[in-house]
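Working notes for the structure below.
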Amino acid sequence: MTTREQREEALKEAGYNTFLLKSEHVYIDLLTDSGTSAMSDRQWAGMMMGDEAYAGSRNFYNLEAAIQKHYGYKHIIPTHQGRGAENLISRILIKPGDIIPGNMYFTTTKLHQEMAGGTFADIIVDEAHDANSTFPFKGNVDLKKLQALIDEHGAARIPYVSIATTVNMAGGQPISLANLKAVRELTKKHSIRIIHDMTRVAENAYMIKLLEEGQGHRSTADIVLELCSLTDGATMSAKKDALVNIGGFLATNEWDVFEEARNQVVIFEGLHTYGGLAGRDMEAMAIGISESVDEDHIRARVGQVFYLGRKLQAAGIPMVKPIGTHGVFLDAKAFLPHVPQLAFPAQTLAAELYLDAGVRTMERGIVSAGRDKETGDHCYPELELVRLTIPRRVYTQAHMDVIAESVQRVYERRDSIKGMRMIYEPKYLRFFQARFETL
Amino acid sequence: MEHKTVIEPFKIKSVEPISVSTEVERTQYLKDAHYNPFLLRSDNVIIDFMTDSGTSAMSARQWAGMMEGDEAYAGSRSWERMEREVRDLTGMHYILPTHQGRAAERIIYGHLGGEGKVFISNTHFDTTRANIEFSGATAIDIPIAENKDTALQHPFKGNMDVAALDMLLKEHKGHVGAVILTVTNNSGGGQPVSMANAEGVAAICKHHGVLFLLDCCRIAENSWFIKHREDGMEGVTYREIAQRMFALTDGAVMSAKKDALVNMGGFLALKNEALAEACVNLLIITEGFATYGGLSGRDMEAIAIGLQEIFDPYYLDYRIKSTQFLGRKMHELGVPLMLPIGGHAVYVDAKKLYPHIPSNEYPGQALVCELYKLAGIRTVEIGSVMFGTYNADGTLHPAPMELVRLAIPRRVYTQSHIEYVIETFAEIMKRRDTVRGVKITKEPRFLRHFTAHFEPLP
C-alpha cells in the first residue's frame, strides 16, 4: 500500500509511463493479463515434475499431447513466449513486399511482420473501430476488405491471413464461428493460409457459446477445437488463456513449415523439444491448457471481467462496448474530451488512475500505435483506450469494487485533468519505455 | 581428521526416478532416434551427460525463491533482486535479462555483427558461432597452440593466443565486432583461462579500441582453477577472482543455466549506455520487456540465489574434484582424453579411441551411440558433426578434433552413478576395435548436430 504522495513520486520517476513503475509500488496490477495468472495447485504439482533434460524431456511430449488434444494442431514447437513464435512464423512465411491481412494489428505481431519485410493490412469490420457500437462480434473480418486485398495484390503476395481470437486492440472482442468459416472458404479458394493468433481462444469460444446462434448447447472446449480446425497453424502466448507465467508455442499442420521452424528455433529459442522453456514450465502449460477450456473456469473468468465492466457502465463511464473478455477498455477520448490526441489522453488517464488508488493500467492508443513506417508521422488510431486487464484467478470481487470506485472518482474530476507530452521516444514499441511530462 | 573423500556437500530432499532399460530396448530407441541422441526421449536415458546446461538441481533456497516470484509484467521485485545481484557480481550497470544465453548472444552479436564483421574468440561455442554467422559475420577461433594437442598437460589450456589476437586486430582493423573470451573454454575441452591471459587480451583490445566481451557461463568454475593454479591468486576468494575478470571487460554474456544453477535464464551485462540502449530495443522485440526479458519472475529469483551459491568454496571444490575423479579413473583405464580434465566435463578423444574410423565417418558420433547402447549414457559429439563443413566438391572439411563430451550436471548425480559410467568405459575399451562409423542421411542448414539423422555403417 502506498500514499498518494508516494505514488506521485513513483509516477514521476517512471516518466508517467505505467510500464516503468516498480511492481512494489502498485496496489492492484491491471497492466496486463499476460503471464500474471495464478497457477493452480495441479500446475504447481506439475512444476515439481519438471524433466530438465536438454533433449526429449517428457514434459515436451505432455505438452505436445495437450495441444493436439485441445487445439488439434499436428506439429508444435515450444517457444519462450508468444513473440518467439511470431518471430519464427514471420521469418519462415513472409517475403519482402508481402501483405499480411489481419483482424486488427497487435504491437509485437505487426513489428515481426514488418521486420520480415511484410506490411500489415487491417481487414477487421468497421464496427471494431467504433467504441460505441454494440455489435457482438467486433473481431470479425470484413470479407469485402479481404477480397479487395486479394484483387489488388494477388493471392501470391499474401502468405497468410492472421486471425486473432479474441482481438485485443479492439477491446478483447471475439470473432464469430460463422465469420471464421467464411474467411476459411475465401482463403481456401485462393490457397491462402490462416495463421491463428490464439492467445485467448478459450475466451473467444466462450463468447461464441454465449452469443452465437445455434452454439449455446456446445462446450467451450468443442468450439475451441473447431476454431483451430478452420486454420492452418497458430502462434500462442500461453501466458494468457493457458494460465502460465511464461511460455508459448508455434503450431502448424504443414510438415515443411514445421521442419523449417525446427531448424530455426535452435538459433533463437532453444532446441525444438524445449524452445527456451524449463521442462516444468512446459508441464504447467500442458495442464493450464486443459484447465483453460474447463467450463466452470471460463465462466468465472469472463464473468469477473463482466462484473467490473457492468459496474463501470452503470456509473456512466465511457468504455468500449460490448465489454471485452479479458479486460475493460476505457474510452479515453470520451473520458477526457478536452485532451487532444496529441496530448495523449489514454496515457494521461492511465497515469491518473495510478495516482488515485495505485491501480496500474495500460495505454492502448496513439502511443501504442507508433509511427507510420513510410511517413514517420504518428499513426492516429480511432481508438484511444486505457486497458484494465484482469489477471486470471488473482483478484477477488473486493478488488473489483476498489477499482470501480477509483475509476468513478477520477471520472468525477475529469475536467481538471490535463494532457502530457512525450520527452523520450524509443525507436521500436515506444509505449514500453517512452517518458512523459505533464502539461 | 583430514578427510580424503570429497563428499557431495548436500543431501537429497526430492528425487526423480530413473527408468532403467535393457540393451535390446535401447538399440531400438537409438534406431528410432536416427542415431542422434538429441532426438532420444529423456525417459529412455539412464545417465544424462548430454549437457550441464539447465540440468542442475536447484537448492531448497532456490525453490523457496521460486515461490516468491513476482510475476508482474513490468518492474517486478524479482527482477530488482536479480539486477542487484548481477550488478554486484559483474560491476556492470546495464543488465538485460534474457530467456537464456543464446538470446543474449543473438542480441549483442546481432547488433555488433553483420556482413564483413569479424569476431575473435578463444573458441566460439556452437550457438555463439551460429549467431555470429547468421548475422553474416565471420567467427575466428584462436586458442593457444597447446589447446590442439589433447594429451598435453597445461594449466590454462583455454587461453587465447595473444600474439595471434594482436595480428588479427591489425589485419581486420575497423571490422572487428568484438573479442570474446569464453570462460571456461567449453568447445576447447572445458579448459580454464588464466587471469594473466584475460589481462593480456584486455590490454590488446584496449590498445586497438575494440570491444572485449566475456562469455561467463562457467566463471565460478574458471575461478577455482585460477585460485589453485595461478601464482599469487591463492589468497583471493572465488568471487573476487570473478569480479576481477569482469572488471577487465566491456560486457558479459551469461547462460545462467550453467554456473548459476538454474534450469532457465541468462543475461547480458554492459558498461556502455549507448550499446545497452540499442540492445534493450532488440530485447523488447524478441524476448520480452526490459524487466523480465522472457523469464518468469520466479526464475529471476532462482538466478539471483544461484549466483550466490556458486561461489561457495565447498560446492566448487566438490564440483571440480568430482569431475576430475571421473576423468582420472577413465585415464587409468587408458581412455584417450583431453588433458588436463576440465571443470564441467570429461572430453574423450574419439579419433584416438577409434583410429580406424576416419573423420568423415564420425568417430565421435560412433562413441556416442556405443555409450547409449551399452549403458543408456547420453553424451554429445563435439567434432565434425558439430563443427564440420563441406568443401566446394562436397567432401567433408573435418573439425580439428573429434571429441565426445561427458558433461556433468551440477548437484544431480552421486558417486555411484559415476562408478557406473567408469565401468561402462572398461567395456568400451574392450570393444574399441569392432566399432564402426556412421553416415549422415539428413541434415539442416544450421546447427546440424541437433536434428541430423544418421545410419550406422555396415
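Being within 25 Å of A:D29 (Cβ to Cβ), surrounded by fewer than 18 Cβ atoms within 10 Å (Cβ to Cβ) and not basic (K, R) is the requirement here; does A:E352 meet it? The answer is no for A:E352.
Of all residues in the range B:412-439, those that are more than 26 Å from B:A57 (Cα to Cα) have Cβ atoms under 7 Å from Cβ atoms of residues that are surrounded by fewer than 17 Cβ atoms within 10 Å (Cβ to Cβ) and charged (D, E, K, R), 6 or more apart or on another chain, in B:V438/B:E455; B:K439/B:E455.
Yes/no per residue for (1) of a type in the set (A, V, I, L, M, F, W, C); (2) closer than 17 Å to B:E419 by Cα:
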{"residue": "B:F325", "(1), (2)": "yes, yes"}
{"residue": "B:R328", "(1), (2)": "no, yes"}
{"residue": "B:P340", "(1), (2)": "no, no"}
{"residue": "B:Y354", "(1), (2)": "no, no"}
{"residue": "B:N360", "(1), (2)": "no, no"}
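If you go through the range B:105-124 and keep only what is touching a Cys at 6+ places or on another chain (Cβ under 9 Å) and within 28 Å of B:F156 (Cβ to Cβ), you end up with just B:I108. Taken over the range A:24-80, the criterion of being at positive phi and surrounded by fewer than 20 Cβ atoms within 10 Å (Cβ to Cβ) is satisfied by A:G72 alone. When the range B:19-36 is filtered for residues that are at pLDDT below 95 and either surrounded by 17 or more Cβ atoms within 10 Å (Cβ to Cβ) or in contact with a His (Cβ under 9 Å, 6 or more places away or on another chain) (or both), nothing remains.
Return yes when A:E127 is closer than 19 Å to A:L180 by Cα and either surrounded by fewer than 19 Cβ atoms within 10 Å (Cβ to Cβ) or modelled with pLDDT of 95 or more (or both) and no when it is not. For A:E127, the condition - closer than 19 Å to A:L180 by Cα and either surrounded by fewer than 19 Cβ atoms within 10 Å (Cβ to Cβ) or modelled with pLDDT of 95 or more (or both) - is met.
Here A:R310 meets each of (1) touching a Phe, Trp or Tyr at 6+ places or on another chain (Cβ under 7 Å); (2) outside any loop (DSSP other than H, G, I, E, B) with one exception, condition (1).
Output the residues belonging to the range A:1-15 that are of a type outside the set (A, V, I, L, M), farther than 25 Å from A:A398 by Cα and within 14 Å of chain B (Cβ to nearest Cβ). If the condition is that a residue be of a type outside the set (A, V, I, L, M), farther than 25 Å from A:A398 by Cα and within 14 Å of chain B (Cβ to nearest Cβ), then A:E13, A:G15 are the ones that fit. Scanning the range B:120-171 for residues that are assigned to a loop (DSSP other than H, G, I, E, B), in contact (Cβ under 8 Å) with a residue 12 or more places away in the chain and among the acidic types (D, E) yields a single hit, B:D161. Would you check if B:A178 is hydrophobic (A, V, I, L, M, F, W, C) and part of a helix (DSSP H, G or I)? The answer is no for B:A178.
Here's the yes/no breakdown for (1) more than 14 Å from chain A (Cβ to nearest Cβ); (2) surrounded by fewer than 22 Cβ atoms within 10 Å (Cβ to Cβ); (3) out of contact with any strand residue (DSSP E or B) (no Cβ under 9 Å at 6 or more places or on another chain); (4) modelled with pLDDT under 95:
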| residue | (1), (2), (3), (4) |
| --- | --- |
| B:P97 | no, no, no, no |
| B:R106 | no, no, no, yes |
| B:I140 | yes, yes, no, no |
| B:D149 | yes, yes, yes, yes |
| B:N159 | yes, no, no, no |
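Number of residues in the range A:82-119 that are away from chain B (no Cβ under 14 Å) and in a helix (DSSP H, G or I): the value is 1.
From the list B:Y292, B:Y318, B:Y314, the lone residue that is of a type in the set (F, W, Y), within 14 Å of another protein chain (Cβ to nearest Cβ) and farther than 15 Å from B:V183 by Cα is B:Y292. Scanning the range A:26-82 for residues that are touching a Cys at 6+ places or on another chain (Cβ under 8 Å) and aromatic (F, W, Y) yields A:Y71, A:Y73. Taken over the range B:71-85, the criterion of being more than 9 Å from every other protein chain (Cβ to nearest Cβ) and buried (at least 24 other Cβ atoms within 10 Å of the Cβ) is satisfied by B:M82 alone. The strands (runs of 3 or more DSSP E) located wholly in the range B:376-453 that include 1 or more residues which are among the basic types (K, R) and crowded, with 18+ Cβ neighbours inside 10 Å occupy B:403-407. Here are some conditions: (1) closer than 24 Å to B:T127 by Cα; (2) hydrophobic (A, V, I, L, M, F, W, C); (3) surrounded by fewer than 24 Cβ atoms within 10 Å (Cβ to Cβ). A:V265 meets all but one. Which one does it not meet? Looking at each condition in turn, A:V265 falls short on (3). Of the conditions (1) within 20 Å of A:I246 (Cα to Cα); (2) crowded, with 16+ Cβ neighbours inside 10 Å, A:L11 satisfies every one except a single condition; which number is it? Against the list (1) within 20 Å of A:I246 (Cα to Cα); (2) crowded, with 16+ Cβ neighbours inside 10 Å, A:L11 comes up short only on (1). Here is a check on your reading of the model: is A:T361 within 27 Å of A:R200 (Cα to Cα), at pLDDT 95 or above, of a type in the set (S, T, Y) and out of contact with any helix residue (DSSP H, G or I) (no Cβ under 8 Å at 6 or more places or on another chain)? In short, no.
Can you tell me which residues in the range B:240-249 are surrounded by 19 or more Cβ atoms within 10 Å (Cβ to Cβ) and either over 16 Å from B:L181 (Cβ atoms) or touching a residue at least 60 places away in the same chain (Cβ under 8 Å) (or both)? Once the filter is applied, which keeps residues that are surrounded by 19 or more Cβ atoms within 10 Å (Cβ to Cβ) and either over 16 Å from B:L181 (Cβ atoms) or touching a residue at least 60 places away in the same chain (Cβ under 8 Å) (or both), the range B:240-249 yields B:A242, B:M245, B:F246, B:T249. Go over the candidates B:I320, B:I341, B:I357 one by one and state the one that is outside any helix (DSSP H, G or I) and within 22 Å of the chain's Cα centre (by Cα). Only one candidate qualifies: B:I341.
Evaluation of B:V24 against the conditions (1) of a type outside the set (D, E, K, R); (2) within 7 Å of chain A (Cβ to nearest Cβ); (3) part of a helix (DSSP H, G or I) shows that the sole unmet condition is (2). Residues that are within 25 Å of the chain's Cα centre (by Cα), more than 18 Å from A:A131 (Cα to Cα) and part of a strand (DSSP E or B) occur in the range A:371-393; there is at least one. Being more than 14 Å from chain A (Cβ to nearest Cβ), under 21 Å from B:I180 (Cβ atoms) and out of contact with any Gly (no Cβ under 7 Å at 6 or more places or on another chain), is that true of even one residue in the range B:273-287? Yes, the range B:273-287 contains a residue that is more than 14 Å from chain A (Cβ to nearest Cβ), under 21 Å from B:I180 (Cβ atoms) and out of contact with any Gly (no Cβ under 7 Å at 6 or more places or on another chain).
Here's the yes/no breakdown for (1) without any contact (Cβ under 8 Å) to a residue 12 or more places away in the chain; (2) under 18 Å from the mean Cα position of the chain (by Cα); (3) in a helix (DSSP H, G or I):
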| residue | (1), (2), (3) |
| --- | --- |
| B:A203 | yes, no, yes |
| B:L214 | no, yes, no |
| B:K227 | no, no, yes |
| B:V236 | yes, no, no |
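The values are calculated or read from the model by the stated rules, or taken from the named source; none is laboratory data. Treat the numbers as computed from the prediction; the structure is a model and nothing was measured. Note that each Cβ is placed from the backbone with ideal geometry, even for glycine, and that neighbours are counted across all protein chains shown.
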